[in-house]
């Protein structure tokens with residue numbers, strides 16, 4: 001009875017940024033649910049009740065507590081999709097409570113036990129196998145890696161030239177899975193130290209992450225580690241929710257997008273996702289420069305949102321250099337006071353910030369401009385003018401087209417999410 005709806009939901013998940021493993025899990029659980037529903041002899045989707053869901057979750061084929069939890073998650077996602085598409089009037093799965101899973105106490109080695117193993121491996125490191133074993137033990141103990149992460153490593157994961165290894169970790173912190181578009185699955189805890197007084201030193205830049213080669217920089221860093229004050233850890237950001245494409249379309253139509261443009265926008269976003277995913281996973285990020293992101297990812301989205309080619313100016317000169325993309329209230333007539341939005345395009349390996357000097361230049365050269373938007377082609381950060389007419393250097397909104405969320409994952413309290421960010425990409429709200 002549910003085959004058509006399940007297939008449609010799986011396709012929806014694929015274009016909505018769900019992970020492959022999540023899609024596989026959803027497919028398995030929902031096909032099980034379909035088999036269960038067939039045993040009830042129901043003929044209409046709207047006849048499915050909370051009682052049916054509860055029986056499937058708790059009793060069908062004697063599931064473990066972990067399977068019950070996955071079933072509830074799958075049903076909540078599926079019935080959300082059914083509601084969006086008018087198959088049901090409400091998402092009855094949201095009332096299903098997640099089972100409480102008792103935490104198990106982890107087993108671990110003491111420092112003495114680990115040192116004994118390390119000592120044994122060190123004595124036998126004269127052979128290739130012995131050296132390999134020593135490296136594995138050091139990675140497990142000193143880096144805190146999981147056994148499966150080391151087993152899954154291969155030669156392609158090693159960069160001998162720079163002395164780095166690519167580690168694939170599971171990642172259990174949602175806010176790190178979208179760090180301005182970067183999927184930072186692996187992490188480690190560190191103790192930050194702050195010097196008692198600011199230290200003046202030349203030869204450093206805040207523009208990029210870079211390796212330190214000069215001994216004076218290393219000495220300064222070691223001095224801070226030895227004498228600095230420990231900085232207490234800040235609380236982690238609260239959880240955010242994924243926003244479905246259907247919800248975004250409804251919001252945009254309320255904001256003035258023509259309903260006839262909905263299909264074009266949906267198709268454009270799907271193409272952007274496919275290309276961005278290709279760039280992210282199959283290319284060297286250094287090769288995906290701002291010219292590629294601007295041409296193949298950003299401009300197509302602007303056109304689909306309702307901007308005309310006459311309103312968009314590429315590489316517009318200003319007193320501080322050139323602006324990547326300038327959007328105008330009307331067709332471009334060489335009038336800076338008609339510029340309503342400035343879009344800075346970045347390559348994949350750059351962050352989504354811009355300099356204070358740029359902000360000052362923009363506020364002076366473009367008095368009518370309402371927003372500066374920084375993007376790498378699939379993530380958009382919006383910076384608005386404040387009450388003093390200056391552009392903020394902290395964002396007002398953020399959207400990741402691959403995985404839209406209701407709030408900014410890194411600062412969900414102060415910064416808006418998908419709805420706020422895409423609102424400031426619409427011509428109606430800027431002109």
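The values are calculated or read from the model by the stated rules, or taken from the named source; none is laboratory data. What you are looking at is a predicted structure, and each value in this text was computed from that prediction instead of being measured. Neighbour counts are summed over all protein chains in view; Cβ atoms, including those assigned to glycine, are modelled from backbone coordinates with ideal geometry.
Odds and ends about this structure:
- Test result for residue 394, surrounded by fewer than 18 Cβ atoms within 10 Å (Cβ to Cβ), within 21 Å of residue 181 (Cα to Cα) and either touching a residue at least 24 places away in the same chain (Cβ under 8 Å) or assigned by TED's automatic domain parsing to the domain that holds residue 294 (or both): yes
- Test: residue in segment 279-298 that is in the same structural domain as residue 376 (by TED's automatic domain parsing), more than 18 Å from residue 347 (Cβ to Cβ), buried (at least 17 other Cβ atoms within 10 Å of the Cβ) and modelled with pLDDT under 95: no
- Flag if residue 362 is in contact with a strand residue (DSSP E or B) (Cβ under 8 Å, 6 or more places away or on another chain) and within 24 Å of residue 184 (Cβ to Cβ): no
- Looking at 99, 63, just one residue is touching a helix residue (DSSP H, G or I) at 6+ places or on another chain (Cβ under 6 Å), farther than 27 Å from residue 401 by Cβ and surrounded by 12 or more Cβ atoms within 10 Å (Cβ to Cβ), and that residue is 99.
- The residues in segment 307-329 that are free of Cβ contacts under 8 Å to residues at least 40 places away in the same chain, surrounded by fewer than 18 Cβ atoms within 10 Å (Cβ to Cβ) and in contact with a helix residue (DSSP H, G or I) (Cβ under 9 Å, 6 or more places away or on another chain) can be counted, and the count is 4.
- Qualifying residue in segment 370-381 (condition: crowded, with 21+ Cβ neighbours inside 10 Å, without any contact (Cβ under 8 Å) to a residue 60 or more places away in the chain, touching a strand residue (DSSP E or B) at 6+ places or on another chain (Cβ under 8 Å) and farther than 30 Å from residue 245 by Cβ): no
- The lone criterion from (1) more than 31 Å from the chain's Cα centre (by Cα); (2) within 27 Å of residue 266 (Cα to Cα) left unmet by residue 63 is number (2).
- In segment 169-193, the residues that are farther than 30 Å from residue 224 by Cβ reach residues that are part of a helix (DSSP H, G or I) and at pLDDT 75 or above with C-beta atoms within less than 9 angstrom, at least six apart or across chains, in these pairs: 170/148; 170/149; 181/276; 181/280; 183/176; 183/280.
- Where residue 246 falls short, out of the listed (1) within 26 Å of the chain's Cα centre (by Cα); (2) assigned to a loop (DSSP other than H, G, I, E, B): (2)
- Of all residues in segment 167-203 being over 22 Å from residue 235 (Cα atoms) and at pLDDT below 75, the one that is surrounded by the fewest Cβ atoms within 10 Å (Cβ to Cβ): 168
- Among the numbered conditions (1) at pLDDT 90 or above; (2) surrounded by fewer than 17 Cβ atoms within 10 Å (Cβ to Cβ), the only one that residue 301 does not meet is (2).
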